[in-house]
Each structure stands twice: as C-alpha cells, then as structure tokens.
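Each reported figure results from applying straightforward, stated rules to the coordinates on display, with no laboratory input. Small disclaimer: the values here were computed from a predicted structure and weren't measured. With ideal geometry, Cβ positions are generated from the backbone for all residues, glycine too; neighbour counts draw on all protein chains shown.
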C-alpha cells in the first residue's frame, strides 16, 4: 500500500520554508547547518491538513497535520535534519523526499508530551522505499477526525510486526524496542567477529542467543 496520497486542493499551502527559520527555531549547531547545506536543496510546506481545509475535527493531540516536500541534493538524508524541522514546527509532519526522479515518505510519530504540553515527543522515523515520482497517488484515507487520519497516514509506514491491532503508541514503542534489539544484536555480532579467544567467543555467542531470543519474543508479540 502506497504512502503517497492525493491531498485535497483546498489543503494546498505551497510555501517555501527558509532554512534560516529552522536554524533559529531548532537552535541549530554549525554541524547541523552544514547537513542542511549539503543534503537539502529546498523545503516546501506543501499541505496543511486542518479543520478549515479538509473538514475534519481536530483532536487534543492533533490540531493540524503538515505535509512537507524536501528536495534533496543527495540520495539520503540525515535524520538530524528531519528532527530539526520537527523541533521547529509544533505540529505532526509527514515528509515527502524527492531526489533524481524518485520519492519516498518518512515520518516519526509525534505527540505532545504528557509532562509538558508545550513540548513534543518524537519517535524514531519510519519510511517507505524509494519509488518513481510518476507513480499514481491514492485517495486520502477516510477518518472521523484529524487524530485518526494521522494514525492512518502512519499505518502504511510502520512495519507489520509492530502489532496492527494495538494503539499507535504501543505499535511505535514495540518497533522502537525491536530496532534497539536489532542494533544490540549487530553490535554483538561485530564483537564476535573480532574475538579470537575461544572461551570469550563462547560467552559472546551465549549473549547473542539471549538477545536474539528477546528479539524473537518482541516480534511474536506483534
């Protein structure tokens, strides 16, 4: 199922977002600014999905949904760039990346902090594969309000092993836990490949089996 949707014309915003605004709002370091310079050609605030533009009620956590198009200078983007934009814009955002005739969608699950409603909690990022820009877009998913629409937009990005029947927060938490275990397993495999002593290899192998068992359990729970 594609994550590229045919957004309503009434929601079109089409405003170029200056990088300087992101730098200011995100308190960007020199290193982060250089990432923008090296990787990002242009950022366009493409659509604003709001009660007045698509006739869906806002919810407590989702007042609007923004769709940004980022034209890239390179084939990949550092997620720190996306986090800076998410930090600067106080609404959920779906990013459409464009490069060399191809496109992909990437987004994090973004919600107001329960401890401080003025701050946002941003999950890890989930994305599609690259596809041709010429591929047809699909109709916007049906939803009763903006909160549910936001979940539907994320549904097509989050892998199935996250547990499709669970609330979005639980699905995201599960995928983050799975990814963390996968990274841990890769680090252990790297240690194992470098280790020369037999006894240590045995101990590392035991640790790897334990982590793999925990990973399998997380996936099966989905």
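Hey, any idea what Rg/Rh is for segment 143-222, computing Rh the Kirkwood way over Cα pairs? Walk me through the numbers before you get to the answer.
Working: Rg = 17.4 Å, Rh = 14.5 Å.
On the Cα set of segment 143-222, Rg over Rh gives 1.20.
Of 110, 102, how do they rank once you tally other Cβ atoms within 10 Å and put the fewest first? Each step should come with its number before you reach the end.
Details: 110 21, 102 16.
The order, fewest Cβ neighbours first, is 102, 110.
Round to the nearest 10 and give me the degree value, 0 to 90, for the angle of helix 198-221's Cα axis relative to the longest principal axis of the chain.
Taking Cα atoms only, the helix is inclined about 40 degrees.
Using only Cα atoms, find the angle between the long axis of helix 79-88 and the longest principal axis of the chain, and express it within 0 to 90 degrees, rounded to the nearest 10.
40
What length, rounded to one decimal in nm, is gained on full extension from residue 170 through to residue 9, with 0.36 nm per residue of separation minus their alpha-carbon distance?
Working: separation 161, 0.36 × 161 = 57.96 nm, distance 3.32 nm.
Gain on extension, residue 170 to residue 9, equals 54.6 nm.
Give me the distance in nm between label points sitting 7 Å out from Cα along the Cα-to-Cβ direction at residue 156 and residue 207, one decimal.
With each label placed 7 Å out from Cα toward Cβ, I get 4.2 nm.
Please report Rg (one decimal) and Dmax (integer) in Å for the Cα set of segment 83-163.
Computed over the Cα atoms of segment 83-163, radius of gyration and Dmax are 14.0, 44 Å.
At what distance in nm do the modelled label points of residue 63 and residue 180 sit from each other, each positioned 7 Å from its Cα along Cα→Cβ?
3.1
Restricting to the chain, what percent of DSSP beta bridges are antiparallel, rounded to 5?
Close to 75 percent.
Compute the long axis of helix 30-39 from its Cα atoms, compare it with the longest principal axis of the Cα atoms of the chain, and write down the angle in degrees, 0 to 90, nearest 10.
With rounding to tens, the tilt is 70 degrees.
Can you tell me the FRET efficiency between residue 187 and residue 113 if r is taken as the Cβ-Cβ distance and R0 is 41 Å, rounded to the nearest 0.05?
On the way: r = 30 Å, r/R0 = 0.73.
Between residue 187 and residue 113 the formula returns 0.85.
Can you put 151, 214 in order of Cβ neighbours within 10 angstrom, beginning with the fewest?
Working: 151 18, 214 15.
Ordered from fewest to most neighbouring Cβ atoms within 10 Å, 151, 214 come out as 214, 151.
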